[in-house]
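Beneath this line is the structure, given in structure tokens, with notes to follow.
Values quoted throughout were computed directly from the atomic coordinates according to the rules given, and no laboratory measurement underlies them. Because the structure is a prediction, the values reported are computed rather than measured. Because the Cβ atoms are built from the backbone with ideal geometry, glycine has one as well, and the counts that use them run over all protein chains shown.
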Amino acid sequence: MFLGHFAVSFGAKKPAPAVSLGTMFLAAQFVDLLWPLFLLLGLEHASIEPGNTAVTPLDFYDYPFTHSLAGTLLWSCVLGLAYFAVKRNVRNAVAVGLAVSSHWFLDFLTHRPDLPLWFSGGPHVGLGLWNSVAGTVVVEVGIFIAGLMLYIKSTTAKDKIGSIGFWSLAAFLALAYVANLVGPPPPDMSSIAVVGNATWLLVAWAYWVDRHRTARVA
């Protein structure tokens with residue numbers, strides 16, 4: 001899942017208008033922001049195996065700290081509590097925590113049975129939507145459009161940056177998704193880990209865009 005995670009970030013503006021889009025990008029992608037670092041540190045592992053699924057050539061055979069159900073729920077609590085410690089808002093802290101946990105459940109739809117339930121491994125689950133390119137595209141694009149619509153209905157641009165910045169961010173995500181679908185397999189896992197850390201730039205982009213938009217009055 002790629003676009004779906006960002007869709008959660010956009011759509012969360014509806015129930016949590018005071019939370020920055022950047023914070024929601026950070027939350028919904030938190031385990032994928034940790035994963036490249038854990039790869040570089042040798043704490044988790046993956047390999048390139050063309051044909052692993054129809055959508056991705058990656059074999060995620062060892063990532064219990066970031067992508068197990070237990071790990072995701074732990075990170076959900078950590079980020080939710082961190083938000084509460086800074087902002088002292090229970091409702092928004094819960095929204096941030098739920099955005100973190102949403103990552104595992106969306107991945108559950110797309111991954112083959114490689115998502116562990118526990119830190120030690122154990123049962124691995126996944127519905128395998130990635131085995132169908134058409135099915136994956138329909139589901140992800142549909143979720144992404146829904147998230148964008150919720151964000152558009154929940155906010156309005158203060159200036160041109162709020163408008164152009166938002167649409168350019170949405171377009172960049174869409175283009176990145178297409179490139180991942182049609183592009184060649186990555187050369188090695190180190191490249192994936194390095195490029196994966198660039199996702200932090202998208203978090204910064206989302207903070208920038210959201211500062212130039214304001215929540216609509218109900």
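Structure values in brief
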| item | result |
| --- | --- |
| Two-site FRET efficiency, ASP59 against ASN89, from Cβ-Cβ distance with R₀ of 35 Å, rounded to 0.05 | 0.30 |
| Farthest toward positive dipole pole in the chain [+1 Lys/Arg, -1 Asp/Glu at C-beta], among GLY80, MET149, ASN131 | MET149 |
| Built amide H within the under 5 Å cut-off of HIS124, gap 5+ | none |
| Distant-in-sequence amide H partners of TYR61 (H built 1.01 Å from N, under 5 Å) | SER47 |
| Spin-label model distance (nm) - LEU117 vs LEU175, 7 Å beyond Cα toward Cβ | 4.3 nm |
| Of LYS87/LYS153; LYS87/LYS158; LYS13/LYS153, those spanning more than 20 Å from alpha-carbon to alpha-carbon | LYS87/LYS153; LYS87/LYS158 |
| Label-point separation in nm, ALA82 to SER190, each point 7 Å along Cα→Cβ | 2.8 nm |
| CD proxy at 222 nm, helix term only [per DSSP H run n ≥ 4: -39500 (n - 2.57); per residue of the chain; nearest 500] | -20500 deg cm²/dmol |
| Mean Cβ neighbour count within 10 Å, used as a protection proxy, ranking 88-95, 51-58, 202-209 highest first | 202-209, 51-58, 88-95 |
| Nonlocal amide H pairs with ARG213, under 5 Å, H built at 1.01 Å | LYS158 |
| Alpha-carbon centroid distance for the pair segment 105-176 / segment 54-90, whole angstrom | 16 Å |
| Between 0 and 90°, nearest 10: helix 69-87 axis offset from the chain longest Cα axis | 20 degrees |
